[in-house]
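Here's the structure, in C-alpha cells; my notes come after.
The values are calculated or read from the model by the stated rules, or taken from the named source; none is laboratory data. These numbers were taken from a predicted model, which means no experiment stands behind them. Neighbour counts run over all protein chains shown; Cβ positions are idealised from the backbone, glycine included. Surface areas here come from the heavy atoms of the whole protein model, side chains and all, with no ligands, DNA or RNA. Shrake-Rupley method; radii C 1.70, N 1.55, O 1.52, S 1.80 Å.
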Amino acid sequence: MDTENLIALLVAAPLLGAAVLLCGGRRLDRVGHWIGTALAAVSFVIGLVLFTDMLGKGAEDRSLHQHLFSWIPVEGFQADVAFQLDQLSVTFVLLISGVGTLIHLYSIGYMEHDERRRRFFGYLNLFLAAMLLLVLADNYLLLYVGWEGVGLASYLLIGFWQHKPSAATAAKKAFLVNRVGDMGLSIAIMLMFTTFGTFAFEPVLEATGETSEGKLTAIGLMLLLAACGKSAQVPLQSWLGDAMEGPTPVSALIHAATMVTAGVYLIVRSGEIFNGAPDAQLAVTVVGAVTLLFGAIVGCAKDDIKKALAGSTMSQIGYMILAAGLGPIGYVFAIMHLVTHGFFKAGLFLGAGSVMHGMNDEVDMRKYGGLRKYMPVTFVTFGLGYLAIIGFPGLSGFFSKDKIIEAAFAKGGTEGWILGSVALLGAAITAYYMTRVMLLTFFGEKRWQPDAEGNAPHPHESPKSMTIPMILLAFGSVFAGGFFSVGDRFMHWLEPVTHHDHGDSPLSAATVTGATMVVLVIGVTLAWLQYGRRPVPVVAPRGSLLTRAARRDLLQDDFNHVVLVRGGEHLTRSLVYVDHTLVDGVVNGTAASVGGLSGRLRKLQNGYARSYAVSMFGGAAVLIAATLLMRAV
Amino acid sequence: MSFPLLTATAALPAVGAIATAAVPAARRTAAKWLALFFSLATLALAVVVAVRFDPDGDRYQLTESRAWIKDFGVRYELGVDGIGVALIALTALLIPFIILAGWHDADPLETKSSRWRPTQGFFALILAVEAMVIISFEATDVFLFYIFFEAMLIPMYFLIGGFGDRAHSGSDENASAQRSYAAVKFLLYNLVGGLIMLAAVIGLYVVAGNFSLQEIAEARANGSLDMATNTERLLFLGFFFAFAVKAPLWPLHTWLPNAMGEATAPVAVLITAVVDKVGTFAMLRFCLQLFPEASKWATPVILVLALVSIVYGALLAVGQRDIKRLVAYASISHFGFIILGIFAMTSQGQSGATLYMVNHGISTAALMLVAGFLISRRGSRLIADYGGVQKVAPVLAGTFLIGGLATLSLPGLAPFVSEFLVLVGTFARYPAVGIIATFGIVLAALYTLVLYQRTMTGPVKPEVASMPDLKVRELAVVAPLIALLIVLGVYPKPVTELVNPAVKHTMSDVQKKDPKPDVEAAK
C-alpha cells in the first residue's frame, strides 16, 4: 500500500470523532471521551507510521503528496483538496497528535465532573482535525480552511463554559482578533493568485524569483498579519490572555502547544517568499522582538497562574517569530524551539491545571504557596518544565533558545546586535517571571484560606490520568532539546525543506551561551530576592506604574476599548440613525416628490399611500393590457 | 414536440397554489400537506431540469418558443443556462422548507377567533410566488420576464401585509400599522423600480423591434443592431434601477429591513433568499447581455455602491436590536458581494456571484428559520430579551451557530467558497476594491458573534428557562439545510461546473478577458 494514501486518514480520524461526538447525542455520554481519545491516538499512530516510512527514504525523496479531489474548479482558478507531507509537516503532525493525545487523556480526568464532557471531546477532536489540515494542506486556500477551523475550535473551547459571560466574551474576542489576521491571509492569497496565477505551495514558492521584491514584500507582510493573529503577536496579541477563560487542557493544547504556533508554521513554510523580501523579514523580526518583550513583561505582573503562563507563551512564540524572520539562519531553530516549547509549555499548563484542580479552581498564585508538599508529582514535572523554559543547561529550552539568540546576533550589523540583545534581555525576564511563578506556587508558606462559604481547599495530587501525561511531557521537556541537538540532528532533518545558513555571528557560540547563563542567574536571583526571601503578601501591592500597566496587558486592551469598541459603538449607532432618517428619508422623499405623493407618504396609516400604490399598479396593468390587446386584435 | 419541461416546472406550483386555495376552510391541515406535496413535486421537476441540462451544450437549453402577441413581437420564450438552472434548483429546494417552517404561522389564533387567518391563502401565495420566480429565471423574452417580475409583487404584498410576525412589541394595532407600512413600502419601492423598467422595456422595443433576449443579444454582438451610446446607457439604467431595488443595493435598501422584520420568518426567507435573487440574476442576464457597453460604463459607480452596501450593511447589522432586522442588514451586505462579483467582470467574480446567490439562499434560510423558531418560542424579536438559550435548548443554539458561521463565511461551509471567489475575482481587476471588501469578513464575524453571544450565552434569563428545544418538524427543516451548507462547502464542483460555461458566455458578451497573472504576463 502506498503510504501517501494514509495522509488523509490523519485528518479523517479526529474529524470522524468530532462528527460522532457532536451529533451522537446523550447516549454517547459514557464513552464519548474514550472515543475522542482513541481517535486522537489513531492519528498519532498513523503519524508515526508515516514518520518511520519517511526515515527509511533519502532526504530528497521524503516529500509525499496525496490529491483527493478538485475543490473549486472555476475558469482560471484551481483549488484542490490535496495534501503534502514533508519533514516540516510531519514534525508538526507528531507534535499535534502526540501532545494532543496526551491532553485528551488528561482531560478525561480533568473534565470528569462536567456534564458536557462529550461535547468537550468533540471540540477537541475538531481542533485536531483542523490543525492537522492546516499543516498538511498543499496550498494556501486549503491551509486557510484549517486556519479558520482552528479558530472555530478555539472559539468553541474558550467559550466552553458559556454560561460565564466572561468566557463568552473572551471567545468572541479571540475569534474577532483572529479574523483581522485572517484578512491578511485572504489578501495574501489573492495577491498570490494575481501574481503567480496559483496559490499552491510548490508553484508559488518555486516562482518567487520571477516577480518583483515589492510584490513579495506585500505578500510577506500580509502573511505576517495573519501570523500575528493566530500566534498572538503584537499588535494582535490581546486575545490570548482572555483565552485563559477556557478549561485548562485547552490552554495547554491550543493556546500553548499547537494553534498559536500556526503563525510560525506559516512563515517558515513561506520561507522562499520572505527570503526574497528583506523588508518583510525585518518586519517579522521586529514583531517577534517586540512581542517577546511584551509577553515577558506582562508575564511578570500577572498573579493569575494561567495568565502568567499566557504571557510567557506570547513571549516564547515571539522568539520563534523572531527566528523565522531571520531567514535561513533561523527557520530550523524556530521550529526546534516550537517543538521543545510544545513539550514544556503543555507540561506547565497541565501542571497549572493540576494545581487548580486541587485548589478549588483558584487561579491566584498569591493564594497558593508551599504546594510542593501536597502535590509532589505536579511539583516535579512542573519544576522540570520550569527549568526547561528558563534554559537551564542540558534541558530542552537551553538548546533551542540559545540557538535563537545566537542566530539573532548572526543576522549581522546593528540589527543583529539589537535583536540579539533583546533576545538576551528576554531570557533574563523569562528566568525572572518563571521563577516567580515557581516560588509563589510551590514554595514559601501556605497562603490559602477558606472562601466566603467556608470551604477551605484541600490540596491533593491529581489522578493518574492527569499525572501520566504530565510525566510524559516532562520527559520531552528534559530530553527533546538534547536529542535534537546531538549531531545537529534536527537541523539535518529539516534542512531539505527550510534550507539552512550559518550566518556570520560577531560573537562565538561560547560567548552567547556564557551571556545567556549570566542573565539567567540574574533573573532567577532577582525573583528569589523578591518572592523567595520575603513572605508574599496575599493582596497584591499597588506596584509601580509599569507593574500596574503590565497587569492591564500594557494598556492595549484599554486602547482597544476606547478606540475600537467605543468608537465602533458610536459609529454603528449614528449609522442606524442616518439610515433611518437620512437614507430612508431622502429616498422616500425623492420617490414621493417624483410620484407626487409628497406629505402623504408619512400618513401611511390613512391608507392614502396604499390606494396610490394600488392605483399605480392597476394603472400600469391596465395600460399594458390595453396596449397589448389593441396590438393583438 | 418534446415535453415542455420548463413550463411544467413553473406551472406546477401555480396549479398547486390554486389547488391549495380551493381547499375548504375547515381542512387547514390538508391544505398544508397539499402545498408541501406540490412544492416537493416541483423540486422533483427542478431536479429533472438540472439532470437534463448539459453544461457543455448550447447556451440556452430546454427552450420553448411560442408566438404570443404577434404584432408587438412578444413571444412566450423560455430557456435556461447554467445560472438559471442553479437558481431554479435553489428556489425549488427552499420552498418546501419555507412551507414546513411556516407550518403554524397562518393558523387561526385561538384567543381571537374573530381574526381569521386564511391558512390556505398563506400557502397558496407562497406557491404562487414560487411559480412566478421560476418563470422569471426561465424567460428569455424581455417582456415575458417583465410581467412576472412585476406580478410577483402582488402575492408578496399580501404575504408581508397579511401575515405578520406574531412576535411584536406594543399593541396589536400598532403592529398592524407597522406591517402595513412595511408591505406598502415594499410595494412602492418595487413598483417605482418596475415602472422605470417598463419605460426601458418599451424603449428597448422601439430600438430593437422585438423582445427576444437571444435575438437582440445576437444582433448586438454581430453589429446589426447599433445603439447610440446614450440610448444604451439610458436603457441600461432603466433596467438596472429595477434590479437594484429588488437586490437591494444601497441606497435603495431600506424597504428590506422593514419587510423582513415584519413578515414571518419563512416569508422573510422567501423575500431575501428567493425573490431578491431575481434582481441579481437579471443583472447578469439582462444588463450585461443587452447593454454590455453601458454596463462597463456604469461599473465604477456600481462597484462603489456595492462596496458601500457591504460595509454599510454590515455596520448597520452590528447596530440592530431586532434579530430579524439584523439578518436583513446582513443580507444587504451579502447582496453587495453578489453585485460586486457580477460587475468585477472576471470569471471568478461572476462564478462566485452566482454561487453566492445559491449559498446565500441556503445560509440565510438556515439562520433566519432557526431565528424564527427562537422568536416564536419567546414571542419577542428583540435581542435583549434573550440570554443563555444554549443551556436550555442546545440543539437550537447549535444550529443557530452553524447558520451564523455560514453567514460569516467560515471556510468549510458553502458561503466561503463563493465569497472568496468574489473577493479574488474583484481583487484581480480592482485591488483596492477587493481589499476594502475584505473588511466585510471581519464585520460579518462581529455581527454574527455578537448576536450569538447576546442570545445564546451567559446566564439563563428567566423568560427563556422553560424554552423547549427544536421539535422534529423544525429539525427536519434545519438539518438538511446544514447538510447542504457542508456538502457545498466541501464539494461545490457540481454547481461550479453548471455555472462555469454560462459565465464564459457572459464574459464574451461584455468582451472582457480575465487579467493575466503577473508572472505569465511578464513572459
Quick check for you: with a 1.4 Å probe and neighbouring chains kept, what is the accessible area per residue of the protein assembly as shown, in Å²?
34 Å²
Work out the mean other chain Cβ neighbour count within 10 Å for the residues of B:341-348 and drop it here as an integer.
2
Inter-label distance for A:Phe475 and B:Lys516, nm, one decimal - labels placed 7 Å from Cα along Cα-to-Cβ:
5.9 nm
Cα-projected label distance for B:Leu234 with A:Glu210, points at 7 Å along beta-carbon direction, nm
5.1 nm
Quick one: net charge of A:Thr91's neighbours, Cβ under 13 Å, K/R +1, D/E -1?
+1
Once you have the Kirkwood Rh of chain A from its Cα pairs, apply Stokes-Einstein at 10 °C and 1.306 mPa s and quote D in µm²/s.
60 µm²/s
So, relative contact order of chain B in percent, Cα under 8 Å, 6 or more apart, is 15 percent
For the B:Ala199, B:Val304 Cβ pair and Förster radius 22 Å, calculated FRET efficiency rounded to 0.05 is 0.30
Can you give the angle from 0 to 90° between the axis of helix A:464-485 and the longest principal axis of chain A, with both taken from C-alpha atoms, to the nearest 10?
80 degrees
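Compute for region A:70-229: radius of gyration divided by Kirkwood radius, i.e. Rg/Rh, restricted to C-alpha atoms, rounded to two decimals.
Answer for region A:70-229: 1.04.
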Nearest-ten-degree value, helix B:119-138 long axis tilted from longest Cα axis of chain B
20 degrees
In terms of Cα to Cα distance under 21 Å, which lysines are near enough to A:Lys401, apart from those fewer than 8 places away along the same chain?
A:Lys345, A:Lys411
Rg(Cα) of region B:197-246 divided by 2.2 N^0.38 Å?
1.12
On protein heavy atoms with a 1.4 Å probe, the accessible surface that disappears when B meets A, both sides summed and given to 100 Å², is 6700 Å²
Taking every alpha carbon pair in region B:5-509, what does the distance histogram look like in 20 angstrom bins from 0, in percent?
25, 59, 16, 0
Cα-derived Rg to Rh of the protein assembly as shown, Kirkwood definition
1.01
Where does helix B:323-343 land angle-wise versus the long Cα axis of chain B, in degrees 0 to 90, nearest 10?
10 degrees
Mean projection area, nm², convex hull over Cα of region A:206-297
6.0 nm²
Each label point is 7 Å from the Cα along the Cα-to-Cβ direction; what then is the distance between the points at A:Ile418 and A:Ser166, in nm?
3.8 nm
Residues of type aspartates and glutamates that B:Lys513 reaches as a straight line, Cα spacing below 14 Å, ignoring anything fewer than 8 places off in the same chain
A:Glu75
Name the residues of region A:57-92 whose accessible area, probed at 1.4 Å, falls by at least 10 Å² once all protein chains are in place instead of their chain on its own?
A:Phe69, A:Ser70, A:Trp71, A:Ile72, A:Pro73, A:Val74, A:Glu75, A:Phe77
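Just the number, please: carbon plus sulfur as a percent of the accessible area of the protein assembly as shown, 1.4 Å probe, no ligands or DNA/RNA counted.
64 percent
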Please check region A:173-187 for residues whose accessible area, probe 1.4 Å, is lower by 10 Å² or more when all protein chains are in place than in their chain alone.
A:Phe175, A:Leu176, A:Arg179, A:Val180, A:Met183, A:Ser186, A:Ile187
Distance-filtered residues of region B:195-218 - backbone nitrogen under 11 Å, label point 7 angstrom along B:Ala11 Cα→Cβ
none
Take the residue pairs A:Lys367/A:Lys464; A:Lys230/A:Lys373; A:Lys172/A:Lys306 and return only those whose Cα atoms are more than 29 Å apart.
A:Lys230/A:Lys373
As an exercise, use a Förster radius of 25 Å and the Cβ-Cβ distance of A:Ser574 and A:Arg552 to find the FRET efficiency, rounded to the nearest 0.05.
0.30
Under 12 Å from the Cα of A:Lys57, which aspartates and glutamates turn up, not counting those fewer than eight places away in the same chain?
A:Asp86
